[in-house]
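Chemist: Quick one: this structure, given as structure tokens, is what I'll be asking you about.
The values are calculated or read from the model by the stated rules, or taken from the named source; none is laboratory data. Computed from a predicted model, the values in this text were never measured in an experiment. Because the Cβ atoms are built from the backbone with ideal geometry, glycine has one as well, and the counts that use them run over all protein chains shown.
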Amino acid sequence: IEFANASQGILLLLMLKQHIKNLCGFSDSKIQKYSPSESAKVYDKAINRKQSVHFHPKQTLEYLKRNMTCTKINDEVKRSIAKQYLDFKMLMEHLDPDEEEEEGEVSASTDARNKAITNLLGGYSPKNNVAETEEEESDGEEKAGGTSGLRKSKRLSDSSDVAVQMNETVDVQDVIAICSPKYKDRPQIAKVVQKTSHGLSIRWMAGSYSGTWAEAKRRDGRKLVPWVDTIKESDIIYKKIALTSANKLTNKVAQTLRSLYAAKDGTSS
């Protein structure tokens, strides 16, 4: 219950930030300049405010008014909070796009963030403009059905990219994604160290969708040694992963891997 209330409070602040961005036409980098911790003197400049931009966080305010501190915790409430936690976790993973990401990758991150916000709100509401980016507000075709066409086009493009990418030849030192039935962790990332007649010799890497990746270690007696394994090329689901300078997955690759693992897990079950 405490988490549910706190996450809704944070969400309300995020909605306020999004409203200011829509109202003043700010980007994430520009709005950061207005932070009290910044020394830049931006307050002397006039701000051009847009007309007809309203702030109506209807669903969040209704949630807060329900006073969940008095709610009896039953199985339904537990399931609701568990789902809210997963949505909130996804939102946190997409708040700060990496500096080195390309425009399309940042856009994918924004889509995931907006979807997470919408889920936290309990569904889409026309009066909840937090899930709308500046581009969506200015494009009336989105609400006339253009969104589904764009999403379909993007899915086809992503599928085509993966198909082309999987035809690439695996080389030593390549970073790859694997779907090995031996391990349940997701994602499974490794570096190819050798090609053999039995398959590929790899060194596992440790990390997460949004975190940094480094060489995984395992205990051998009292020592920690690189975690080496052998796989078949058919175990690979994504080839030639290019990590960022901070050794992270780009948002585009992370989203693609989520989809690939979801498809694999769905097939296996």
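Chemist: Which members of region 229-248 meet the condition of being in a strand (DSSP E or B) and either modelled with pLDDT under 90 or within 19 Å of GLY211 (Cα to Cα) (or both)?
Modeler: Taking region 229-248 first, the residues in a strand (DSSP E or B) are 229-231, 236-238, 248.
Matches in region 229-248: TYR238, LYS248.
Chemist: For region 181-203, which positions are within 16 Å of TYR261 (Cβ to Cβ) and over 23 Å from the mean Cα position of the chain (by Cα)? Give the steps one after another, and end with the answer.
Modeler: Step one: filter region 181-203 for residues within 16 Å of TYR261 (Cβ to Cβ), giving 181-190.
Matches in region 181-203: PRO181, LYS182.
Chemist: Is there any pair linking a residue in region 195-210 that is free of Cβ contacts under 8 Å to residues at least 60 places away in the same chain and in a strand (DSSP E or B) to one that is crowded, with 16+ Cβ neighbours inside 10 Å and among the small types (Gly, Ala, Ser), with Cβ under 6 Å and at least six apart or on different chains, and which?
Modeler: Correct list of pairs: ILE202/ALA190; TRP204/ALA190; TRP204/ALA216; MET205/ALA190; MET205/ALA216; ALA206/ALA216.
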